[in-house]
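Each remark here refers to the structure printed beneath this line.
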Amino acid sequence: MTQENPDDTSPADGMCQETSGFLFSHKCDRFSVSKCARCGKPLCDDHAHSGPDAVIACTSCVKQEAKAARQANQADQTNTQHYYHEHYYYNDPYFYGPRYYPGYSEHHRSSSTSNTSPASASDAIANEGTGGGGDFSTDAPAHDPMDFTEGDAESTRREEDADFETDMGAS
Amino acid sequence: MGHLTRALSLARQAARKGIRSRILCNSPFLPALLGGRCRPLLLLDPLIEFVCVDSQLGREALTATSLREVLRTQAQDVLIVDTFPRGIGGELAEILSSIQASKVFVHRDLSPEYVRQANLQAVLSQFDLIIVPGEDAPLEALAHHRTEPWMICDAGEVLPRHEARCQFGVTQEELMPLILVSGSGSPQEALDSARFARRLKREVGQLATVRFASLDSIAMAEAGEIGCSLWPLLMTLAGVDLLIGAGGYHTVYEARRMQCPLLAIPRRRMYDRQSRRLIPSERVENFDQLLRKVLSQIADWPNLPVRSSINYLNGSAESVELILRKINSQV
C-alpha cells in the first residue's frame with residue numbers, strides 16, 4: 001500500500017472523490033482526470049479548479065482556503081487574500097460562499113465531512129434518506145425565502161444514490 | 001398502503017363481475033385490515049384472497065415469494081403489476097416474456113431516475129395493457145389507457161355527512177368543523193402525525209373537533225382519545241371539513257373527489273413524487289406552517305361553499321372493463 005503524493009497531479013484512475021454539490025453533498029459519478037494538489041483526491045473536470053497559481057485544487061480545499069483567508073482577514077484588516085479567493089472563483093458554480101447564500105454560516109456544516117454544501121434548504125429537506133421524512137415532532141428552523149423547498153423541485157434528493165429495488169419497504 | 005388500496009379497488013370491481021382475485025402484498029397494514037384491528041367500513045368480498053408477505057422480509061426472500069406466486073398464474077389468468085414493472089426487487093424482469101397470462105401494468109407516477117436506471121421503457125413493452133390511474137406518469141406515452149383515479153369505493157358507497165361524522169363520535173348538530181389527521185406512511189411518520197393531532201387538539205380544540213385515524217397501532221396509542229381506527233377513510237370524508245395528511249396517491253385523490261379540503265406535508269419517497277402531486281393550496285412545509293393554515297381554514301369554515309353531491313367516476317371500474325376487453329381480444 002503506497003501513500004499518494006499530493007504533488008503528483010497526473011490523472012488518476014477511477015472516480016472523482018469530491019462530494020461538493022451545487023445544493024447538497026453527494027457522490028460524483030464522473031471519472032477522475034486529475035488530482036487535487038492539496039489533498040490528493042481524484043477529481044473530475046467539474047470539481048477540479050485551477051487557481052491563480054495554476055495549481056489544481058478540489059472544491060473542498062478551495063473553500064477551506066477561502067475560509068482560512070477570511071478568518072485571517074478578520075484578524076488582520078490589511079489581509080485581502082480572501083477577497084482574492086472569492087473574486088477568482090466567483091463565477092465557478094461549484095464554489096459558493098456568503099455571496100450566494102447570505103444566511104450561510106459555518107455552523108450549518110455537517111460534522112460528518114468537511115465537504116458539505118451550505119444548508120440551502122430547511123431541515124426537512126436536508127434530512128435526506130431513502131424512505132423517511134424528518135422528525136416533524138421538532139420545530140423546523142425559520143425558513144429562508146432563498147431556500148428551495150419541496151414545492152420547488154420534483155426531487156431535491158440525488159436519486160442516483162437511492163437503493164432502487166433493494167429497499168422492500170419503499171413506495 | 002397505496003399499492004394495496006389500488007389492488008383492492010380493482011379486486012372489488014372484479015368481484016362484482018364474479019371474478020376472483022389474488023393479491024400478493026407485503027404491506028405492513030394488511031394484517032391490521034384482515035385481523036380485525038380496525039373497524040372496517042367496507043366488507044371485502046370472499047372472491048378476494050390475499051397472499052400476505054411479511055413486511056420485514058428482505059429482498060431475497062420477498063422476491064422469491066413474488067416469483068413463486070407469479071409463476072402460479074395460469075394462461076387464462078391476468079397478471080396485474082402495480083407501480084414496479086420489474087417487480088419491487090427486479091425479480092420480474094427476466095421472466096415476464098415467459099408468462100403466458102395477460103400482463104397488465106398500472107403506471108402510477110414514478111421517480112424519473114428509477115425509470116432511467118431500471119430502463120423501464122424496455123420492460124413496459126412486455127406488458128399487454130398499460131393503464132395510467134388518473135395522474136401524469138413518466139412513461140404515459142407508452143400507456144394504452146388513462147382512467148380516472150382509482151377509488152376503493154364508488155361514490156354511491158360513501159357515507160352521507162351525518163353518518164360519516166357519527167363514525168368519529170360526532171353526533172351533535174354541527175357547531176364546529178371536523179378536522180381529521182391521517183396517520184399514514186412509515187411508523188415514525190404516523191407517530192409524528194399522531195403527535196401533531198394531539199397538539200392540534202390542544203391549540204384549536206375549542207374551535208374544531210379533531211380526530212386522528214391510522215392503521216398503525218403505536219400511532220393510535222399516541223393519539224389516545226382522539227384516535228379512530230377505521231378504514232377506509234374515503235367512506236367518511238363527506239363528514240370531514242379538513243383532511244390533514246401526506247401527499248400519497250389516495251389521500252390526495254380521495255380528498256379531491258370528495259371535495260374535502262386537504263392540507264398535506266409531502267413525504268420523501270424513493271419512487272413517488274408526493275410534492276409534485278400536491279397543488280400549492282394543499283402543500284405545507286412543516287407542522288408549524290400546517291398549524292397556521294389550519295387556523296385560517298377554521299376561520300373560513302362558516303363561509304365555505306356547500307359541497308355539491310358526490311358523483312365521481314371510479315377509475316378501477318373502468319380499468320376492469322379495459323382488462324376484460326383486452327383478454328377477450330386476445331382469445
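The values are calculated or read from the model by the stated rules, or taken from the named source; none is laboratory data. All values reported here derive from a predicted model rather than from experimental measurement. Backbone-built Cβ (ideal geometry, glycine too); neighbour counts: all protein chains shown. Just so you know, the surface numbers come from the protein's heavy atoms only, side chains and all, with ligands and any DNA or RNA stripped out. Shrake-Rupley method; radii C 1.70, N 1.55, O 1.52, S 1.80 Å.
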> Restricting attention to the range B:100-122, and to residues there that are more than 21 Å from B:Ser319 (Cα to Cα) and touching a residue at least 12 places away in the same chain (Cβ under 8 Å), which single residue is farthest from the other protein chains (Cβ to nearest Cβ)?
Replying inline: B:Gln121
> Among the residues of the range B:78-92, is any at pLDDT below 85 and acidic (Asp, Glu)?
Replying inline: no
>> Can you pull out every residue in the range B:172-201 that is surrounded by fewer than 23 Cβ atoms within 10 Å (Cβ to Cβ) and more than 14 Å from every other protein chain (Cβ to nearest Cβ)?
In response: B:Gln172, B:Glu173, B:Glu174, B:Leu175, B:Met176, B:Pro177, B:Leu178, B:Lys201
>> Quick check on B:Val78: is it open to solvent by 30 Å² or more (accessible area, probe 1.4 Å) and either of a type in the set (A, V, I, L, M, F, W, C) or under 23 Å from the mean Cα position of the chain (by Cα) (or both)?
In response: yes
>> Please go through the range A:40-66 and give me each residue that is outside any strand (DSSP E or B), farther than 15 Å from A:Thr19 by Cβ, at pLDDT 80 or above and open to solvent by 10 Å² or more (accessible area, probe 1.4 Å), ordered by number.
In response: A:Asp45, A:Val55, A:Glu65
> Wholly within the range B:198-310, which helices (runs of 4 or more DSSP H) include no fewer than the required count, namely at least 2 residues that are within 30 Å of B:Leu44 (Cβ to Cβ)?
Replying inline: B:217-223, B:249-257, B:274-277
> Can you find a residue in the range B:23-43 that is assigned to a loop (DSSP other than H, G, I, E, B), within 14 Å of chain A (Cβ to nearest Cβ) and open to solvent by 30 Å² or more (accessible area, probe 1.4 Å)?
Replying inline: yes
> From the set of residues in the range B:12-22 that are outside any strand (DSSP E or B) and of a type in the set (D, E, K, R), which is surrounded by the fewest Cβ atoms within 10 Å (Cβ to Cβ)?
Replying inline: B:Lys17
> Just to be sure, is B:Arg72 in contact (Cβ under 8 Å) with a residue 60 or more places away in the chain, of a type outside the set (Asp, Glu) and exposed (fewer than 14 other Cβ atoms within 10 Å of the Cβ)?
Replying inline: no
